[in-house]
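Q: Structure incoming, see below.
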Amino acid sequence: MTEAVVVALVSGGLTLLGVLIANSRNQAITDTKLHELTREVREHNNFAKRMPVVEEQIKVINHRLEDLEEYHK
């Protein structure tokens, strides 16, 4: 009976070690994906902040073009 207990403890220990290794790898992958997603969100936020400025500049350019067209008619 003692031999069976030792085998069970060794098997359980190896299983626990395998689970811990697999979880650490999965955690590293998750951390990498989270880091990449955070970078993409920051890029998007920066783009969203700049778009109203670009839209206003386009309005000004269009107005100036209309003025030039009227001047040359």
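Coordinate-derived values only; no laboratory data. As the structure is a computational prediction, the values presented were derived from the model and not from experiment. For neighbour counting, all protein chains shown are included, and Cβ atoms are generated from backbone atoms with ideal geometry for every residue, glycine included.
Q: Given charges of +1 on the Cβ of Lys and Arg and -1 on the Cβ of Asp and Glu, with all other atoms neutral, how large is the dipole of the chain about its Cα centre, in debye to the nearest 20?
A: Approximately 220 debye in magnitude.
Q: When the helix-only estimate is applied to the chain (DSSP H runs of n ≥ 4, each -39,500 (n - 2.57), divided by the residue count), what is the mean residue ellipticity at 222 nm, nearest 500 deg cm²/dmol?
A: -36500 deg cm²/dmol
Q: Which one, Val7, Thr30, Asn45, projects farthest toward the positive side of the charge dipole computed for the chain from Cβ point charges (K/R +1, D/E -1)?
A: Final value for the positive-end residue is Val7.
Q: For Lys33 and Asn62, what is the calculated FRET efficiency with R₀ set at 35 Å and r taken between the beta-carbons, to the nearest 0.05?
A: Given R0 = 35 Å and the Cβ-Cβ separation, E is 0.25.
Q: Using only Cα atoms, tell me the angle between helix 2-71 and the longest principal axis of the chain; keep it within 0 to 90° and round to the nearest 10.
A: The angle comes out at about 0 degrees.
Q: While we're looking at this one, here's another question. Within a Cβ distance under 14 Å of Glu56, other residues only, what is the Lys/Arg minus Asp/Glu net charge? Intermediate results must be reported in sequence, preceding the final value.
A: Working: positive: Lys49, Arg50, Lys59, Arg64; negative: Glu55.
Overall, the nearby charge balance is +3.
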